[in-house]
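See structure below.
The values are calculated or read from the model by the stated rules, or taken from the named source; none is laboratory data. A quick note: this is a predicted structure, and the numbers were derived from the prediction, not measured. Every residue, glycine among them, receives a Cβ derived from its backbone with ideal geometry; neighbour counts consider all protein chains shown. Each accessible area value is taken on the protein alone, full model and side chains, heavy atoms only, with ligands, DNA and RNA left out. Shrake-Rupley method; radii C 1.70, N 1.55, O 1.52, S 1.80 Å.
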Amino acid sequence: MRVPLLDLHGQMAPLRDEILAAVTEVIDSTQYILGPKVEQFEKNIASYCGSNYGIGVASGTDALLAALMALGIGPGDAVLTTPYSFFATMGCILRLGARPVFADIDPVSYNIDPARMAEALAQDAQGDKRIKAIIPVHLYGQCADMGAILALARQYNLPVVEDAAQAIGAVYLMQTGGQTVWHRAGSMGEAGCFSFFPSKNLGGVGDGGLITCNDPALAERLRIIRVHGGAPKYHHGVVGGNFRIDPIQTVVLDIKLARLPEWHRARRRNAANYRRLFAQTGLLESGAVSLPEAVYEAEGLTVGAECDYHIYNQFVIRARDRDGLLRHLISHEVGAEIYYPIPLHRQGCLAGLGYEEVSFPEAERAALETLALPIFPELTDAMQCFVVEKIAEFYTR
Ligand SMILES: *Cc1c(COP(=O)(O)O)cnc(C)c1O
């Protein structure tokens, strides 16, 4: 049996006609840049996320870049972020001439650890006070600990840009004045950055991204930055870029958005299936494998139908002899992949910038021990059984 890490055919097939009709309508309209289809989509995403504004951009990377530009991040500044994420999180900081300052991750959630952030912020405050923003990443589809992160942001008066590229719709429980209130990823900081790369839970037929925010002035700045900083057209008070999303993408994404809650449910069901299947192998007791935890689920709050505490963009296990296991799975046509094999502070593009001396042990350990298994919504029970069987086989050879 072949089990791919991701197979989009099953998702596209039932939507194909509807999508082709919507794309055809865009093509026939000749409105190929921005316009009403993009605006409708921006409203729909903002409303789904619980944010006031949505600004569609060309990718998740452009979302991060534009958000940092709108906040005025530039040369000499530093941005506090996680050392364990997709490269774009750090790439955008570097492209603006700023430096990433890292705080290590929590070993259970793989998200930035507020205790380590507090240390980095205290150190910066005693030194040259270069940290001008914070980028938490909601890795694999689960929110970083935003309550603690926002408390630090308030203490140091710093804006928070949520990298929610992997976490559209993920729910976080905020304790406010003795009450528990739920929020979706991207709606809690100054800006939320989303990606519609095809492998994300909401993926386009190509690249796409979006920024959410609640402040009308920031939304306006982002809209201007998206079109080269021109406002009005040909009058450039600031330097922006061409960061626009195409209407061809937004009409596809709008159709898919309606199915997103159902796909989140299917991914959660698959995660529960893995838990059940792994429990029967003895691999968890022996410590050969440990499974990802939905850390907020334990708090037990069911908010209506909203229980997307983890949307499982990836289902990432820790595995003994991870590289051996990966080879074994690949040789049996099971798609598995390492997200991410090299922590950001060890990337070659930082060579000579002083990051050789720093160490983030949890990020480094995660890079050595973790492996993503197939979790896409259309994965079948038989496929999941096969994956777990092959993993069990590896440890009992
Ligand atoms: C996918 C991703 C991005 C970048 O999104 P693109 O649309 O591919 O540019 C940024 N951050 C994280 C955490 C991601 O997973």
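Just one of 124, 145, 104 is farther than 24 Å from residue 229 by Cα, away from the ligand (no atom under 16 Å from the Cβ) and surrounded by 23 or more Cβ atoms within 10 Å (Cβ to Cβ); which is it?
104
Scanning segment 21-38 for residues that are out of contact with any helix residue (DSSP H, G or I) (no Cβ under 9 Å at 6 or more places or on another chain) and open to solvent by 80 Å² or more (accessible area, probe 1.4 Å), we see that the one that is nearest to residue 255 (Cα to Cα) is 28. For the residues 351, 363, 392, the requirement of being touching a residue at least 24 places away in the same chain (Cβ under 8 Å) and either within 29 Å of residue 116 (Cα to Cα) or touching a helix residue (DSSP H, G or I) at 6+ places or on another chain (Cβ under 6 Å) (or both) singles out 363. Search segment 183-223 for residues being within 13 Å of the chain's Cα centre (by Cα) and of a type in the set (Lys, Arg), and hand back the single one that is nearest to the ligand (Cβ to nearest atom). So, considering only residues that are within 13 Å of the chain's Cα centre (by Cα) and of a type in the set (Lys, Arg), the one nearest to the ligand (Cβ to nearest atom) is 200.
What number of residues in segment 7-39 are basic (Lys, Arg) and free of Cβ contacts under 8 Å to residues at least 60 places away in the same chain?
Residues of segment 7-39 that are basic (Lys, Arg), as a first pass: 16, 37.
Still in the running and free of Cβ contacts under 8 Å to residues at least 60 places away in the same chain: 16.
The total comes to 1.
Against the definition (open to solvent by 60 Å² or more (accessible area, probe 1.4 Å) and either touching a residue at least 40 places away in the same chain (Cβ under 8 Å) or at positive phi (or both)), how does residue 341 come out, yes or no? Walk me through it before giving the result.
On the way: open to solvent by 60 Å² or more (accessible area, probe 1.4 Å): yes; either touching a residue at least 40 places away in the same chain (Cβ under 8 Å) or at positive phi (or both): no.
Against the criterion (open to solvent by 60 Å² or more (accessible area, probe 1.4 Å) and either touching a residue at least 40 places away in the same chain (Cβ under 8 Å) or at positive phi (or both)), residue 341 does not qualify.
Can you find even one residue in segment 40-63 that is more than 20 Å from residue 164 (Cα to Cα) and touching an Asp or Glu at 6+ places or on another chain (Cβ under 9 Å)?
Here is the first cut: in segment 40-63, the residues more than 20 Å from residue 164 (Cα to Cα) are 40.
This time we only want the ones that are touching an Asp or Glu at 6+ places or on another chain (Cβ under 9 Å), so: 40.
Checked against the condition, which is being more than 20 Å from residue 164 (Cα to Cα) and touching an Asp or Glu at 6+ places or on another chain (Cβ under 9 Å), segment 40-63 yields at least one hit.
Looking across segment 165-179 at every residue that is of a type outside the set (A, V, I, L, M) and in contact with a helix residue (DSSP H, G or I) (Cβ under 8 Å, 6 or more places away or on another chain), the one that is surrounded by the fewest Cβ atoms within 10 Å (Cβ to Cβ) is identified as 175. Residues that are of a type in the set (D, E, K, R) and farther than 14 Å from residue 12 by Cα were ranked within segment 247-266; the one that is least open to solvent (accessible area, probe 1.4 Å) is 262.
I need the full set of residues from segment 170-197 which are under 19 Å from residue 85 (Cβ atoms) and assigned to a loop (DSSP other than H, G, I, E, B), in order please.
Step one: filter segment 170-197 for residues under 19 Å from residue 85 (Cβ atoms), giving 170, 172, 185-186, 188-197.
170, 185, 186, 188, 189, 190, 196, 197 - these are the residues of segment 170-197 that are under 19 Å from residue 85 (Cβ atoms) and assigned to a loop (DSSP other than H, G, I, E, B).
Within segment 288-341, being among the hydroxyl-bearing types (Ser, Thr, Tyr), at pLDDT 95 or above and out of contact with any strand residue (DSSP E or B) (no Cβ under 8 Å at 6 or more places or on another chain) holds for 312, 331, 340.
Figure legend. Inter-residue proximity from segment 119-137: first residues within 22 Å of residue 185 (Cβ to Cβ) and assigned to a strand (DSSP E or B), second residues open to solvent by 40 Å² or more (accessible area, probe 1.4 Å) and among the hydroxyl-bearing types (Ser, Thr, Tyr), beta-carbon distance below 9 Å, spacing 6+ or different chains. Indicated pairs: 134/156. Give the residue that is farthest from the ligand (Cβ to nearest atom), with candidates limited to residues of segment 42-85 that are assigned to a loop (DSSP other than H, G, I, E, B), under 18 Å from the mean Cα position of the chain (by Cα) and surrounded by 20 or more Cβ atoms within 10 Å (Cβ to Cβ). Among them, the one singled out is 51. Only one of the listed residues (366, 382) is crowded, with 20+ Cβ neighbours inside 10 Å and within 30 Å of residue 265 (Cβ to Cβ). That residue is 366. A Cβ distance below 6 Å, combined with a sequence gap of six or more or placement on separate chains, defines the contacts here; from segment 82-107, residues that are at positive phi reach residues that are open to solvent by less than 30 Å² (accessible area, probe 1.4 Å) and not hydrophobic (A, V, I, L, M, F, W, C) in the pairs 97/74.
Select from segment 224-245 the residues that are closer than 18 Å to residue 64 by Cα and open to solvent by 70 Å² or more (accessible area, probe 1.4 Å) and write down the one among them that is nearest to the chain's Cα centre (by Cα).
Taking segment 224-245 and keeping what is closer than 18 Å to residue 64 by Cα, we get 224-229, 238-245.
From what's left, open to solvent by 70 Å² or more (accessible area, probe 1.4 Å): 228, 238-239, 242.
Values: 228: 26, 238: 28, 239: 27, 242: 23 Å.
Going through the qualifying residues, I end up with 242.
Select from segment 332-387 the residues that are aromatic (Phe, Trp, Tyr) and closer than 26 Å to residue 136 by Cβ and list them in ascending order. So that I can check it myself, show each step before the final result.
Initially, segment 332-387 is screened for residues aromatic (Phe, Trp, Tyr), giving 339-340, 355, 360, 376, 386.
Within segment 332-387, 339, 340, 355, 360, 376 qualify.
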